[in-house]
Amino acid sequence: MGWNWHVAPDTSKSHHSIPSEEVNAMRGDLMLWPPVVVIHNSSTGHEAKDTDAKIVSIEEIEGVLADIGVAHEKARVSHGRSANQSVFLVKFQPTISGFQEAMRVHTHFSTRNHGKEEFQLMKGSKGKKAASTDSLEELLYAHIGVVEDLGLLDEGTKKRCKVMRKKEIEANAEATLNLEVY
């Protein structure tokens, strides 16, 4: 990713690179389908001591989702890769309503500064980690699954997922909603 395929390479056999702003925009646009929300437990990690880590169960994640307003029937929670118990996957139905629910969870965490960017900043700050807190939601960082998150998925989810453009999904959702009005 990062090559400008709209411009044919000249005879030097080199491709023209795309500005980094465009590359970042494309990365954010390529999301996993059916919708998946990736939830990170910030209290566990490579630098975390066993005494500082708070183990979070799937039932606790389901409780947080219920507090947000996601019905238990609309989402299925599981761990990511088996070796990484600090990553949870919230899988939604491959429908417009499933996409809207996933975006609602994504927006909920992003507006509270617990999205992907904040998690990357927190993870990147050497030696610093999330402050210990009594609130479970303060330990969790969540975002909609994008193509970069394929490495966090378990094998079964990886086999069932495909990569789609977010703009296409939103356009299909808007077209469907417009049809229902008439």
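Here is the figure for segment 140-160: residues that are surrounded by 22 or more Cβ atoms within 10 Å (Cβ to Cβ) and either without any contact (Cβ under 8 Å) to a residue 24 or more places away in the chain or of a type in the set (A, V, I, L, M, F, W, C) (or both) total 4. Looking only at segment 21-54, which residues are farther than 25 Å from Arg160 by Cα, touching a strand residue (DSSP E or B) at 6+ places or on another chain (Cβ under 9 Å) and modelled with pLDDT under 80? Matches in segment 21-54: Val23, Ala53. For segment 94-108, the set of residues classified as under 15 Å from Asp67 (Cβ atoms) and touching a residue at least 40 places away in the same chain (Cβ under 8 Å) consists of Glu101, Val105, His108, listed by residue number.
Look through segment 55-72, keep the residues that are part of a helix (DSSP H, G or I) and out of contact with any strand residue (DSSP E or B) (no Cβ under 8 Å at 6 or more places or on another chain), and return whichever of them is surrounded by the fewest Cβ atoms within 10 Å (Cβ to Cβ). Result: Glu59.
The values are calculated or read from the model by the stated rules, or taken from the named source; none is laboratory data. Treat the numbers as computed from the prediction; the structure is a model and nothing was measured. Cβ coordinates were reconstructed from backbone atoms using ideal geometry, including for glycine residues, and neighbour counts include every protein chain displayed.
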